[in-house]
Amino acid sequence: MFGSFDFGILLANAPFLWNGMLLTLQLTALAVTGGLLLGVVLAVLRLSPIKPLAWVVEAYVNFLRSMPLILVIFWFYTLVPKLIGRPVSGFYSVLIAFVMFEAAYYSEIIRAGISSVRRGQISAAMALGLTKMQSMRYVILPQAVRNMVPVLLTQSIVMLQDTSLVYVVGLRDFLTSADIVASRDNRPTELYMFVAIVFLVICFSASRLANQLRRRYSL
Amino acid sequence: MKRILGTVVAVTVLAALSGAATAQDGLVMKRIAETKTITIGHRDASVPLSYLGPDGKAQGYSIDICLKIADAAKEELKLDKIEVKFVPLTPQTRIPLLTAGTVDIICESSTHTLGRLRQISFLNTTFLTGSKLLVRKTSGIKKIEDMTDKVLVAVLGTTNEKAAQVEIDTKKIKIKGEIVKVKDHSQAMLNLEQERADAYVSDDVVLYGLKSASKNPDEWEVVGPYFSYDPYGMMIPRNNDDFRLLGNKTITRLIQSGEMEAIYKKWFEPGPTKINYPLSDRLKENFQLIALPD
Amino acid sequence: MGSYNWNWPILLKEPYFGWIVSGFGKTILIAVFAWAIAFPLGSAIGIARTADNRALRLAGTVYVDIFRNIPLLVQMFLWYFVVPELLPADWGRWVKRDMPYPQFITAVACLGLYTASRVGEQVRSGIEAIPRGQRDAGLAMGLTPTQVYRYVLIPVAYRTIIPPLTSDFLGVFKNSSLALTIGVLELTSQARQIEEYTFAAFEAFTVATVLYCLVTGLVIVIMRIVESRTRIAGTIAVGAQ
């Protein structure tokens with residue numbers, strides 16, 4: 001059944017596909033960075049003693065987490081330029097959508113990481129004479145970060161996979177580039193299989209790394 | 001001093017208000033002047049009006065016309081150079097991208113309709129076509145009435161999809177399931193190639209283009225009488241009278257100088273994909289009608 | 001935003017109202033059917049991954065690794081465009097032509113198989129979280145391994161993983177929107193279609209958003225009740241992320 005496979009088509013279109021891959025990687029890198037930064041802010045706000053602030057953030061997180069990413073992309077695609085009031089390229093609209101969406105997930109992981117450190121530890125640290133800041137800095141955060149790094153990495157792998165959804169707005173990422181070649185040359189089998197294998201290799205290696213981190217650092 | 005301050009505030013507020021009221025006016029020309037860049041929206045597979053060439057760059061009949069408009073903008077605004085940027089789009093993303101200002105002009109195969117005019121504006125009609133069906137020669141389908149128990153595919157958000165739905169409803173044609181709605185020509189073609197669908201409804205010129213660009217053009221056939229009227233024009237944002245004038249003037253000049261026919265010949269007779277779609281008398285007449293006197 | 005002309009009443013007009021209803025119905029149906037595949041299959045995979053039999057464990061692990069590491073959208077295209085081409089010609093033809101509602105069924109199968117890998121992970125972590133002693137005690141009492149699973153491990157594991165399973169179900173519900181890429185007119189794609197026809201983008205997206213949020217809220221409330229009814233005294237919930 002693989003007799004009619006035409007792998008030459010992959011070679012012939014390698015530069016085009018590579019450009020798509022670059023866009024995918026770029027989008028992932030920027031979205032992970034932005035999502036983490038915003039996620040930290042959201043997590044801190046959510047754990048803040050100012051209740052209304054915590055509630056607003058909680059509402060935001062729950063709201064975004066109950067929406068499909070595709071719908072979020074469509075929303076931001078039409079909304080961002082209107083809100084900013086000046087032209088924005090499709091790439092930035094989508095990037096903002098990913099940052100806002102992923103931040104909701106990251107913030108939950110970070111919050112869970114901080115909350116996972118047992119209360120007794122804070123009491124113990126404070127009893128030892130550490131200030132609140134010091135106990136956060138030397139006791140809570142080192143443990144919290146160890147707990148959440150593997151999960152954050154896993155979420156980033158999910159994020160890399162999610163970037164393929166920019167397909168719906170025609171942004172030329174890896175999958176969309178492959179899709180263009182697939183339909184232009186009527187070679188969907190080769191192209192989609194290739195995309196699947198590339199993602200499988202990247203994500204599988206990354207998730208193995210996440211597992212190793214988990215084993216090495218878990219408390 | 002107070003009075004001066006008051007006047008300054010009043011003038012600023014007034015200026016801001018008037019600015020807000022006419023914020024849409026001439027935004028495109030201003031943007032082109034400031035950035036020395038014109039951004040053209042194009043399609044991936046509207047052969048041969050707006051599609052990706054073998055080098056992966058946008059090309060086609062509509063693109064050529066727009067490149068002339070870019071030249072005209074450069075001259076009008078007395079710029080030393082103008083950069084042309086290309087942004088790929090689909091029927092679902094084109095209007096949001098245009099109203100957002102991401103692209104200045106959309107050069108592909110978009111039908112000039114009253115409904116769309118509520119959102120955006122069009123340049124004068126530069127192509128005339130209508131809905132037909134692309135089918136396998138062996139399918140025996142000759143018109144949309146033959147679609148009983150057959151699968152029809154269309155691109156979401158096109159005039160053809162709507163026209164086909166109206167045809168099916170009014171003539172009570174029992175197609176198999178609902179019309180399958182996909183993202184763009186390429187996905188529709190894939191559905192057809194894989195025999196998931198029996199017919200693809202689109203503008204006949206695009207169908208001839210897809211047929212000519214396919215692996216085995218002889219396998220395919222464009223059938224049926226037209227069941228919609230689709231005059232194409234470049235889409236531009238609303239409230240850009242100066243830009244629209246520039247665009248229409250450029251088109252008029254192209255017609256008067258005979259360049260328009262040359263561009264047509266380059267892409268259609270027979271064209272890079274051997275589409276062989278000669279200039280019709282109707283389109284010739286249309287060119288005469290829109291070439292307004294100075 | 002000032003220049004936007006709101007037009008809410010358009011959503012109540014036909015055919016747009018009907019589109020929303022049918023899109024919403026399809027979204028729910030896809031989610032429910034896909035879950036009907038994902039839950040039993042995922043349970044089997046989760047159990048396989050905790051089994052003593054090495055081949056079973058390996059099969060479960062390979063399944064999870066493959067399905068979790070390929071983007072869902074790519075899987076959707078594989079099932080829709082590639083798999084029928086790899087089947088024997090007659091079968092491929094049946095899948096493409098004679099199978100009823102081909103897009104819908106493909107979407108359900110794809111989502112179900114994908115989600116099974118996630119459910120499998122939850123079930124595995126639920127079972128692994130049970131102290132080894134319970135299994136040993138069961139075996140020592142003369143239960144067969146199957147009976148240990150049936151009467152000891154599974155009842156405990158499922159109760160502890162209700163929250164992560166709920167979020168996986170909501171995942172299927174949200175992911176059903178991917179069906180639009182192969183042409184299923186579910187809720188998100190109907191919202192798109194209304195936008196195409198009426199240009200009322202924000203109204204259409206708002207309705208879709210509200211419906212998604214309503215269902216999510218409803219499911220969470222119901223599952224909290226279920227969870228509190230089935231909670232095992234002295235335990236806290238566990239589960240993989």
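The values are calculated or read from the model by the stated rules, or taken from the named source; none is laboratory data. Predicted, not measured: the structure shown is a model, and the values here were computed from it. With ideal geometry, Cβ positions are generated from the backbone for all residues, glycine too; neighbour counts draw on all protein chains shown.
Are any residues in region C:80-104 among the hydrophobic types (A, V, I, L, M, F, W, C) and touching a residue at least 24 places away in the same chain (Cβ under 8 Å), and if so, which ones? Result: C:PHE104, single match. The sole residue among C:TYR149, C:TYR212 that is more than 25 Å from A:GLN161 (Cβ to Cβ) and crowded, with 16+ Cβ neighbours inside 10 Å is C:TYR149.
Within region A:123-139, can one find any residue that is surrounded by 17 or more Cβ atoms within 10 Å (Cβ to Cβ), part of a helix (DSSP H, G or I) and within 14 Å of chain B (Cβ to nearest Cβ)? The answer is no; no qualifying residue exists. For region C:13-66, how many residues are part of a helix (DSSP H, G or I) and either of a type in the set (D, E, K, R) or over 30 Å from B:GLN165 (Cβ atoms) (or both)? Of the residues in that region, 30 qualify. Of all residues in region B:184-198, those satisfying the criterion of being closer than 23 Å to C:LEU73 by Cα, more than 7 Å from every other protein chain (Cβ to nearest Cβ) and not hydrophobic (A, V, I, L, M, F, W, C) are B:ASP184, B:HIS185, B:ASN191.
Here are C:SER228, C:SER167, C:SER189: which of them is in contact (Cβ under 8 Å) with a residue 24 or more places away in the chain, under 25 Å from the mean Cα position of the chain (by Cα) and assigned to a helix (DSSP H, G or I)?
Being in contact (Cβ under 8 Å) with a residue 24 or more places away in the chain, under 25 Å from the mean Cα position of the chain (by Cα) and assigned to a helix (DSSP H, G or I) holds for just one of C:SER228, C:SER167, C:SER189, which is C:SER189.
Evaluate the following for C:PRO131: is it over 14 Å from the mean Cα position of the chain (by Cα) and either closer than 17 Å to C:VAL32 by Cβ or within 14 Å of chain B (Cβ to nearest Cβ) (or both)? So C:PRO131 fails the test.
Within region B:199-221, restricting attention to residues that are crowded, with 24+ Cβ neighbours inside 10 Å and within 13 Å of another protein chain (Cβ to nearest Cβ), which residue is farthest from B:TYR264 (Cα to Cα)? Among those that are crowded, with 24+ Cβ neighbours inside 10 Å and within 13 Å of another protein chain (Cβ to nearest Cβ), it is B:TYR200. Go through region C:164-201 and give me each residue that's surrounded by fewer than 23 Cβ atoms within 10 Å (Cβ to Cβ), away from chain B (no Cβ under 11 Å) and either of a type in the set (Phe, Trp, Tyr) or in contact with a strand residue (DSSP E or B) (Cβ under 9 Å, 6 or more places away or on another chain) (or both). Scanning region C:164-201 gives a single hit, C:PHE169.
Condition check for B:ALA154 on (1) crowded, with 23+ Cβ neighbours inside 10 Å; (2) out of contact with any Asp or Glu (no Cβ under 9 Å at 6 or more places or on another chain); (3) farther than 27 Å from B:ILE255 by Cβ: one failure, at (2). Taking (1) hydrophobic (A, V, I, L, M, F, W, C); (2) outside the structural domain of B:THR111 (by TED's automatic domain parsing); (3) in contact (Cβ under 8 Å) with a residue 24 or more places away in the chain in turn, B:ILE236 satisfies each apart from (2). Is it the case that region A:29-51 has a residue that's more than 23 Å from A:ALA112 (Cβ to Cβ), modelled with pLDDT of 90 or more and in a helix (DSSP H, G or I)? The answer is yes; a qualifying residue exists.
Considering only residues in region B:141-180 that are β-branched (Val, Ile, Thr) and either assigned to a strand (DSSP E or B) or within 13 Å of chain C (Cβ to nearest Cβ) (or both), the one that is farthest from B:VAL201 (Cα to Cα) turns out to be B:VAL166.
Looking at region A:147-156, is at least one residue among the small types (Gly, Ala, Ser) and more than 14 Å from every other protein chain (Cβ to nearest Cβ)? Checked region A:147-156: no residue is among the small types (Gly, Ala, Ser) and more than 14 Å from every other protein chain (Cβ to nearest Cβ). Of the residues that make up region A:68-78, is at least one surrounded by fewer than 19 Cβ atoms within 10 Å (Cβ to Cβ), touching a residue at least 24 places away in the same chain (Cβ under 8 Å) and either in a helix (DSSP H, G or I) or within 18 Å of the chain's Cα centre (by Cα) (or both)? Within region A:68-78, not a single residue is surrounded by fewer than 19 Cβ atoms within 10 Å (Cβ to Cβ), touching a residue at least 24 places away in the same chain (Cβ under 8 Å) and either in a helix (DSSP H, G or I) or within 18 Å of the chain's Cα centre (by Cα) (or both).
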